[in-house]
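Written below as structure tokens is the structure these notes are about.
The values are calculated or read from the model by the stated rules, or taken from the named source; none is laboratory data. Since we're looking at a predicted model, the values are computed, not measured. Reconstructed Cβ throughout: ideal geometry from the backbone, glycine too, with neighbour counts over all protein chains shown. For accessibility, only protein heavy atoms count, side chains too; no ligands or nucleic acids. Shrake-Rupley method; radii C 1.70, N 1.55, O 1.52, S 1.80 Å.
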Amino acid sequence: MNIVDRFLQYTHINTTTSREKGAAGIMPSSDGQMVLAQLIAKELEALDMKDIVLRETAILTATLPSNVPASAQIIPTVSFFAHLDTSAEQSNDTKAQVVPYNGGDICLNTEQGITLKEAEFPELANYVDDDIIVTDGTSLLGADDKAAIAAIMHALQTLKANPDILHGDVKVAFVPDEEQGLRGAKAFDVESFDADFGYTLDCCGIGEFVHENWNAGDAVITFTGQSAHPMSAKGKLKNSLLMAHQFISMLPAGEAPQYTEGRMAFLQTMSNNCAGLWGEGSVSIHLADRYENVANSLEGDASFPIDIAKEAYARNDIQMNAIPMRGGYDGAVLSQKGLPCPNIFTGAHNFHSIYEYLPVKSLQAASAVVVDVIKITAERHL
């Protein structure tokens, strides 16, 4: 099966994550994620993969066994991850279409007048003379993250069809509900998976590479007021709602995500200051870590997954564009659990939007990079 047909097949399965079921602790949060996992499991069987395990959570793992001589040096086990779910921003079934792109705008839906405009998305100009996969403008495309699944599966197909490509053990994993707090990765058993390092494919345009992301956490801020009758309210009444409103108004408007880049931190200091403004006990803040910066697991001698990826990009004439991700991805959780896991591009653009699109050559390049990562990992130990 060619990679485009494989991707299109995956888009026919609606895997929209369910925030309501996720909040209730149900995994997978939508039936379609299990349907997709079952399809992938069958494809893994057809490729003669080993140790295929599909759990009731829809977490799916498998192994491509090493084909190097038994006398060879032990090759580290590399792994690849993709997530099954798509974002809840749109829940309609995907109606994907492949469009030969010759420049300019792309009409997605004539009837509804929905157009992917080059003026709004100027990076389209990079894909003239490529085929681009889009929707009819009424849903997400689901390249986040079905493009990753297609790229990984196509890479496995390539290796099986070319047994002369030497490789060590290669492990793959497909996890649910990334789109609501990285729930699948949090439930993933890194120890039993037994890989030495890994890569997620959950990023944007061709060439992008992530080995740094936000340290993310939850902040629960509680405002405690004091009621009083208007007759004697002076100096006593503290309106907790107005306190919360004032707190929000003091947040620097220019430091909201839509206005900033790079790194920032602030809330604890402001909470402490407000306690001085309104009195002890008026404001309390509870901060909890959600996931760490993946860079913490890729320092010093542990940076080799970055070096391998850089060489794989170069072999495919792709200029690596290393970017810090302003958010999180499964690899951040996996890295925190002890499996160093930077992030490779899928080639898609405009995630979580009806204007999501996927250039075919970029998808093919993502799969080629996966193959070369596997080859390079072996070459460095043979």
### Query
Looking only at the range 79-119, which residues are in contact with a Cys (Cβ under 9 Å, 6 or more places away or on another chain) and not β-branched (V, I, T)?
S79, F81, G113, L116
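Quick check: anything in the range 145-168 closer than 30 Å to M270 by Cβ and open to solvent by less than 40 Å² (accessible area, probe 1.4 Å)? So that I can check it myself, show each step before the final result.
So in the range 145-168, the residues closer than 30 Å to M270 by Cβ come out as none.
No.
Determine which member of the set L141, L124 is assigned to a loop (DSSP other than H, G, I, E, B), open to solvent by less than 20 Å² (accessible area, probe 1.4 Å) and either touching a His at 6+ places or on another chain (Cβ under 7 Å) or of a type in the set (A, V, I, L, M, F, W, C) (or both).
Numbers: L124 fails: assigned to a loop (DSSP other than H, G, I, E, B).
Residue meeting the stated conditions: L141.
Evaluate the range 98-105: report whether one residue or more is closer than 20 Å to V175 by Cβ, open to solvent by 20 Å² or more (accessible area, probe 1.4 Å) and outside any helix (DSSP H, G or I). Reasoning before the result, please.
Our first condition is that a residue be closer than 20 Å to V175 by Cβ; within the range 98-105, this holds for none.
Within the range 98-105, none of the residues are closer than 20 Å to V175 by Cβ, open to solvent by 20 Å² or more (accessible area, probe 1.4 Å) and outside any helix (DSSP H, G or I).
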### Query
Quick one: in the range 311-348, which of the residues that are in contact with a strand residue (DSSP E or B) (Cβ under 8 Å, 6 or more places away or on another chain) and open to solvent by 30 Å² or more (accessible area, probe 1.4 Å) is nearest to A365 (Cα to Cα)?
M320
## Note on the structure
Subset of the range 334-360, residues more than 17 Å from the chain's Cα centre (by Cα), part of a loop (DSSP other than H, G, I, E, B) and aliphatic (A, V, I, L, M), comes to I354
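Residue-by-condition table, conditions (1) modelled with pLDDT of 75 or more; (2) crowded, with 16+ Cβ neighbours inside 10 Å:
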site	(1), (2)
C204	yes, yes
G207	yes, yes
D218	no, no
T224	yes, no
H229	no, no
H245	yes, no
A253	no, no
R263	no, no
S271	yes, yes
#### Entry: Looking only at the range 273-310, and only at residues there that are in a strand (DSSP E or B) and at pLDDT 75 or above, the one that is surrounded by the fewest Cβ atoms within 10 Å (Cβ to Cβ)
H286
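Please pick out the residue among T77, T110 that is within 22 Å of the chain's Cα centre (by Cα) and among the β-branched types (V, I, T).
Values: T110 fails: within 22 Å of the chain's Cα centre (by Cα).
Step by step, each of T77, T110 is checked, and only T77 is within 22 Å of the chain's Cα centre (by Cα) and among the β-branched types (V, I, T).
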## Note on the structure
With criteria (1) part of a helix (DSSP H, G or I); (2) at pLDDT below 95, L363 comes up short on (2)
### Summary
Of the conditions (1) surrounded by fewer than 15 Cβ atoms within 10 Å (Cβ to Cβ); (2) farther than 19 Å from L334 by Cβ; (3) of a type outside the set (A, V, I, L, M), the single one that D51 does not satisfy is (2)
## Note on the structure
(1) within 19 Å of T11 (Cα to Cα); (2) open to solvent by less than 10 Å² (accessible area, probe 1.4 Å); (3) outside any strand (DSSP E or B) all hold for I133 apart from (3)
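For F193, indicate whether it is hydrophobic (A, V, I, L, M, F, W, C) and in contact with a helix residue (DSSP H, G or I) (Cβ under 7 Å, 6 or more places away or on another chain).
Details: hydrophobic (A, V, I, L, M, F, W, C): yes; in contact with a helix residue (DSSP H, G or I) (Cβ under 7 Å, 6 or more places away or on another chain): no.
Judged against the criteria, F193 is not a match.
When you check A173 against the structure, is it touching a residue at least 60 places away in the same chain (Cβ under 8 Å) and either buried (at least 21 other Cβ atoms within 10 Å of the Cβ) or not acidic (D, E) (or both), yes or no?
On the way: touching a residue at least 60 places away in the same chain (Cβ under 8 Å): yes; either buried (at least 21 other Cβ atoms within 10 Å of the Cβ) or not acidic (D, E) (or both): yes.
In short, yes.
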### Message
Please pick out the residue among A72, A41 that is among the hydrophobic types (A, V, I, L, M, F, W, C), more than 15 Å from V175 (Cβ to Cβ) and open to solvent by less than 40 Å² (accessible area, probe 1.4 Å).
### Response
A72
### Message
If I filter the range 20-36 down to residues being free of Cβ contacts under 8 Å to residues at least 12 places away in the same chain and in a loop (DSSP other than H, G, I, E, B), which single residue comes out as nearest to G142 (Cα to Cα)?
### Response
I26
